[in-house]
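S.K.: Pasting a structure here, questions to come.
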């Protein structure tokens with residue numbers, strides 16, 4: 001039985017879907033195998049803040065009953081019915097706490113489901129639980145969670161990226177075949193790069209943001225975390241589509257599945273190397289794996305061209321004005337009056353202003369406070385045009401740079417992150433060094449274009465995963481999946497299998513001494 005469970009957790013979501021449809025295995029068996037894996041190893045990783053055991057097994061049992069009944073009941077099941085999934089704890093769910101990784105929402109239960117969660121429930125995908133993140137998605141390492149850091153399954157002394165390190169670590173550690181993340185400046189793609197998983201930021205508006213606790217509304221995007229490009233496309237097919245509850249939601253149809261099926265090729269495609277997003281400042285091992293991927297694409301018939309996006313050098317600075325400004329506004333609702341934590345001042349008078357001050361002081365962590373202060377300053381009278389207004393002008397220039405680049409290339413390519421996973425605590429007290437981790441991923445959010453990160457191999461220096469990032473014009477997500485599927489297939493043929501097969505095996509049962517869990521609802 002243990003051997004069966006170990007085999008089940010290592011299948012891709014698409015393989016699990018096929019086995020479930022053929023009734024070679026039951027949804028309850030698949031879901032239980034992943035719940036057992038969480039119980040065995042998550043004490044070491046702290047990927048989950050809440051595990052949704054009872055509901056997940058109940059949904060799995062419904063799927064099995066429908067398949068056993070056959071006929072219309074079985075025919076109406078979605079292809080991913082019975083395939084379990086984890087959800088980043090920034091996305092609201094009925095019946096489970098949603099904390100955003102913050103003390104200010106500790107134990108809070110949403111009265112409604114996010115649109116993407118409704119779609120998961122409609123597809124009857126068992127939700128395994130809620131995953132850890134940097135508080136309110138503010139970070140690049142998942143060290144800023146109020147419930148303890150998440151660890152990288154490749155090396156438990158290293159970070160899994162952020163803010164969605166919990167989702168990426170859960171998928172990398174075989175605790176879940178799929179997960180949902182959110183990407184404001186790279187929070188799906190950068191964790192994907194350092195954990196050897198696939199992460200996709202869809203075109204802005206391709207997936208509803210309704211029910212994702214907002215940090216920066218013009219930048220945030222929900223997207224898939226998976227172990228294969230095809231699995232990411234399958235999940236985007238479930239969660240995508242127009243939503244009247246989201247005013248930025250697109251009505252465009254997206255046909256990503258055919259593109260991700262590994263039946264296409266890149267012969268004759270022009271793939272542009274972004275001059276400003278590699279070279280100086282990038283770890284040697286990252287550059288080496290990136291150059292190998294370029295050569296493989298060239299050997300597969302693609303034409304490699306260099307493009308320049310000169311205004312990308314301003315992207316990081318502009319982002320760290322726009323994002324904190326919007327975060328400052330969005331987080332104003334956490335005031336100790338309407339919901340969540342309420343802290344009272346120690347002495348009179350007991351005014352709303354003083355209750356708000358005491359609540360925010362007690363409930364927010366240092367990084368959240370830092371960004372609120374920065375954003376409030378940037379939006380203040382006399383500084384709005386100089387800071388926030390100027391940053392929006394830079395954003396327009398970045399969008400124009402991408403437009404020019406895509407006139408010369410079908411897709412663009414770069415390393416996903418400048419380095420492999422760094423050690424826990426290494427940059428915790430250096431915010432500027434932490435922010436630089438997103439230098440290659442931020443531009444896609446600024447322009448609203450889709451981005452995909454897939455494993456590019458292991459760095460020579462430390463044997464840790466490296467990510468390769470693909471970018472495409474807005475609404476052209478299918479191009480990412482097409483090129484990503486081809487590159488993935490070529491790389492796996494070179495490696496003799498998926499990169500995660502080379503990851504060190506975690507010890508089971510969980511080692512209590514290695515646990516960083518803050519005593520959530522596991």
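Read-outs throughout are calculated quantities, based only on the coordinates presented, and are distinct from any laboratory measurement. The structure presented is a predicted model; accordingly, all values stated were derived computationally and were not measured. Every residue, glycine among them, receives a Cβ derived from its backbone with ideal geometry; neighbour counts consider all protein chains shown.
S.K.: Largest first and in whole Å, what are the equivalent-ellipsoid semi-axes of the chain based on the Cα gyration tensor, each being the root of 5 times an eigenvalue?
M.R.: 32, 30, 22
S.K.: Further question on the same structure: Once you have all Cα-Cα distances for the stretch 1-144, histogram them in 5 Å bins from zero and send the whole-percent values.
M.R.: Distribution as computed: 2, 10, 19, 20, 19, 15, 9, 5, 2, 0 percent.
S.K.: Translational D (Stokes-Einstein, µm²/s) of the stretch 313-395 at 25 °C and 0.890 mPa s when Rh comes from the Kirkwood sum over C-alpha pairs?
M.R.: Estimated via Stokes-Einstein, D reaches 177 µm²/s.
S.K.: If each of residue 157 and residue 493 carries a label point 7 Å out from its Cα toward its Cβ, how far apart are those two points in nm?
M.R.: Label at residue 157, label at residue 493, 3.9 nm between them.
S.K.: Remind me, relative contact order of the chain in percent, using alpha carbon pairs under 8 angstrom and six or more residues apart?
M.R.: Taking the mean separation of contacting Cα pairs over the length of the chain, I get 19 percent.
S.K.: If you don't mind, there's one more thing I want to ask. Indicate, rounded to the nearest 5 percent, the antiparallel portion of the DSSP beta bridges found entirely in the chain.
M.R.: In the chain, approximately 65 percent of DSSP beta bridges are antiparallel ones.
S.K.: Once the Cβ-Cβ distance between residue 109 and residue 10 is put in as r, and R0 is 30 Å, what FRET efficiency do you end up with, to the nearest 0.05? Please list the in-between numbers first.
M.R.: Working: r = 33 Å, r/R0 = 1.12.
That pair, residue 109 with residue 10, gives E of 0.35.
S.K.: A further question on this structure: Once R0 is set to 45 Å, what does the formula 1/(1 + (r/R0)^6) return for the Cβ-Cβ distance between residue 507 and residue 385, expressed as a FRET efficiency to the nearest 0.05?
M.R.: With a Förster radius of 45 Å, E is 0.20.
S.K.: Using the basic label-point model (7 angstrom from Cα toward the beta carbon), what is the residue 342 to residue 263 distance in nanometres?
M.R.: About 5.9 nm separates the two model spin labels.
S.K.: Still on this structure, please answer the following. Hey, rough spin-label estimate for residue 22 and residue 58, points 7 angstrom out along Cα→Cβ, what's it come to in nanometres?
M.R.: My value for the distance between the label points is 3.2 nm.
S.K.: Tell me what the chain gives for mean residue ellipticity at 222 nm when only DSSP H runs of n ≥ 4 count, each as -39,500 (n - 2.57), the sum divided by the residue total, rounded to 500 deg cm²/dmol.
M.R.: Values: 17 runs with 197 residues, N = 522.
Rounded to the nearest 500, the figure is -11500 deg cm²/dmol.
S.K.: Further question on the same structure: Ratio of the stretch 340-481's C-alpha Rg to 2.2 N^0.38 Å, to two decimals?
M.R.: On the way: Rg = 20.8 Å, N = 142, 2.2 N^0.38 = 14.5 Å.
Against the compact-globule rule of thumb, the ratio is 1.44.
S.K.: Rank-order 345-354, 206-215, 435-444 by packing density, defined as the average count of other C-beta atoms within 10 Å over each peptide's residues, highest first.
M.R.: The densest-packed peptide leads the list: 435-444, 206-215, 345-354.
S.K.: To the nearest 0.05, how large is the calculated FRET efficiency for residue 373 and residue 39 if R₀ is 51 Å and r is the Cβ-Cβ distance?
M.R.: After rounding, the FRET efficiency stands at 0.80.
S.K.: Something else: Work out, step by step, the length gained on full extension between residue 69 and residue 295: first 0.36 nm times the residue separation, then minus their alpha carbon distance; give nm to one decimal.
M.R.: In short, 76.2 nm is gained.
S.K.: Same structure again: May I ask you to work out the translational diffusion coefficient for the stretch 174-305 at 37 °C, viscosity 0.692 mPa s, via Stokes-Einstein with Rh from the Kirkwood sum over Cα pairs, reported in whole µm²/s?
M.R.: Taking Rh from Cα pairs, D becomes 198 µm²/s.
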